[in-house]
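One structure is given below, encoded as structure tokens.
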Amino acid sequence: MTIPPHDHAALAAHRFLRPGFGTEAAVYGTILVSGLIAVSSAHGETSVLVLVTVAVTVLVFWAAHVYAGAVAHMGDDAAGEHIGVRAALRHSLRHSFGMLTSASIPALILLAGTTRIIPDNLANELALWSGTIILAFLGYIAFLRRGSSMPVRLLGALMTASFGIVFIALKAFVH
């Protein structure tokens, strides 16, 4: 398969961002953050309140994810040795990192709203749409990496982005 130049750039961006954005935890975190933004901004909340809601909830979910991963891996057998508490915790911290980083782009946008660089409503909307764009990018890259044709890559991007689109529709319906 010949990869067009723009896809080389997308793959390079993905390789660079993968530790924070290209993981299962990051996809889950992006969906979580999108849902939080949709629900907390649906009633005209300020970007400050939306940012605090997102930050606190993501931190709690991240801590729970780290704890659950550590508990699940303690005692696993790796190369003939049982994995101890520290090793299980390190593994879980590495694996869960994407859940924290997935909130960074929407949080920066919300921060721009809290500092009045952009209006509150616009910050909330852009933060919500940023999650959808991130999901579309991750879906596109996933199908590009497996060698899928362009129509399949675009369908994969649309299907992955649909999680964000659902939250945008939910916000419109609730608002």
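The values are calculated or read from the model by the stated rules, or taken from the named source; none is laboratory data. Because the structure is predicted, anything quoted here is derived from the model rather than measured. Backbone-built Cβ (ideal geometry, glycine too); neighbour counts: all protein chains shown.
Of everything in segment 146-170 that's part of a helix (DSSP H, G or I) and not aliphatic (A, V, I, L, M), which residue is surrounded by the fewest Cβ atoms within 10 Å (Cβ to Cβ)? The residue in question is 151. Within segment 120-127, does at least one residue satisfy the condition of being without any contact (Cβ under 8 Å) to a residue 60 or more places away in the chain and touching a Pro at 6+ places or on another chain (Cβ under 9 Å)? Yes, that holds for at least one residue. Against the test of being exposed (fewer than 13 other Cβ atoms within 10 Å of the Cβ) and either modelled with pLDDT of 90 or more or touching a strand residue (DSSP E or B) at 6+ places or on another chain (Cβ under 8 Å) (or both), the options 68, 103, 72 yield a single qualifying residue, 68.
Of the residues making up segment 70-107, just one is touching a Leu at 6+ places or on another chain (Cβ under 9 Å), hydroxyl-bearing (Ser, Thr, Tyr) and part of a helix (DSSP H, G or I), namely 101.
Of the residues making up segment 114-121, not a single one is assigned to a helix (DSSP H, G or I) and basic (Lys, Arg).
When 143, 173 are checked against the criterion of being surrounded by 15 or more Cβ atoms within 10 Å (Cβ to Cβ) and either assigned to a helix (DSSP H, G or I) or touching a helix residue (DSSP H, G or I) at 6+ places or on another chain (Cβ under 8 Å) (or both), 143 stands alone in meeting it.
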